[in-house]
Amino acid sequence: MPSILVAYATKHGTTREVAEVIASELRARGLSATLRAADDVQDLRAFDAVVLDAYDAVVLGGPLYHGHWHREASRFLMRHRRALEALPLAVFALDPACAPVPNAAERACARGQLEGALRKAPWLTPVDTQLSGAALDPSRLHSRFNRMPDTDWRDWGAVRRWAAALPAALEIEPAPASTQIPAAPAAIPLDVLTARAG
């Protein structure tokens, strides 16, 4: 069964939630998806005693903060350069400017920030990139912002549609039904077995 590593960098957990939805969508399409925090993946070739050959592709996500992609997402690209040169990679980022009804100029700015982060790895050409709105919990923000209401600009429909399109973008097909483990046969009721024996 084709296997995809879904790695994420997060500060408050909202990017992890998006990564979980992406992994779930990939699994629903017959793929194996392993979810890991980007900074927990120390060696793509042998983390958790699993070699890189077990992965057919990587999806990496992280939030944009003040014009910069989360440092653990950027570090992931640099730390695993050699491995990622040989694997298809898709990238996603979260930014409040990418609300479902965004300001076009702010969305373009966020797109430029992500592209700027990826330009730091010129050897890398992601097969696809996705920008999504972010979620804000004011209790975790600096004092001048902590009176704002809780806001979640993540567009879950767009996230799911992007995840559903990933197998084609990554050029990965689910395992054929014939290679999947068949369901166990239905149990034969005891009275039928007794009748057959008699």
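Values computed for the structure shown
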{"quantity": "Per-region count, region 117-129, residues closer than 20 Å to Arg71 by Cβ and in contact (Cβ under 8 Å) with a residue 12 or more places away in the chain", "calculated": "8"}
{"quantity": "Tally of residues being surrounded by 15 or more Cβ atoms within 10 Å (Cβ to Cβ) and either of a type outside the set (A, V, I, L, M, F, W, C) or not in a loop (DSSP other than H, G, I, E, B) (or both) across region 115-133", "calculated": "9"}
{"quantity": "Residue within region 58-69 that is aliphatic (A, V, I, L, M), modelled with pLDDT under 95 and more than 18 Å from Pro167 (Cβ to Cβ) present", "calculated": "yes"}
{"quantity": "Exclusive hit being among the small types (Gly, Ala, Ser) and either buried (at least 19 other Cβ atoms within 10 Å of the Cβ) or modelled with pLDDT of 85 or more (or both), set Gly112, Gly157", "calculated": "Gly157"}
{"quantity": "Whichever residue in region 160-176 is part of a loop (DSSP other than H, G, I, E, B) and of a type in the set (D, E, K, R) and, among such residues, is modelled with the highest pLDDT", "calculated": "Glu171"}
{"quantity": "Yes/no for Val51 being modelled with pLDDT under 95, in contact with a helix residue (DSSP H, G or I) (Cβ under 8 Å, 6 or more places away or on another chain), surrounded by fewer than 24 Cβ atoms within 10 Å (Cβ to Cβ) and more than 20 Å from Ala168 (Cα to Cα)", "calculated": "no"}
{"quantity": "Subset tally (residues that are assigned to a helix (DSSP H, G or I), more than 26 Å from Ala134 (Cβ to Cβ) and either in contact with a Leu (Cβ under 7 Å, 6 or more places away or on another chain) or not acidic (Asp, Glu) (or both)) for region 69-93", "calculated": "3"}
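The values are calculated or read from the model by the stated rules, or taken from the named source; none is laboratory data. Computed from a predicted structure; not experimentally measured. Backbone-built Cβ (ideal geometry, glycine too); neighbour counts: all protein chains shown.
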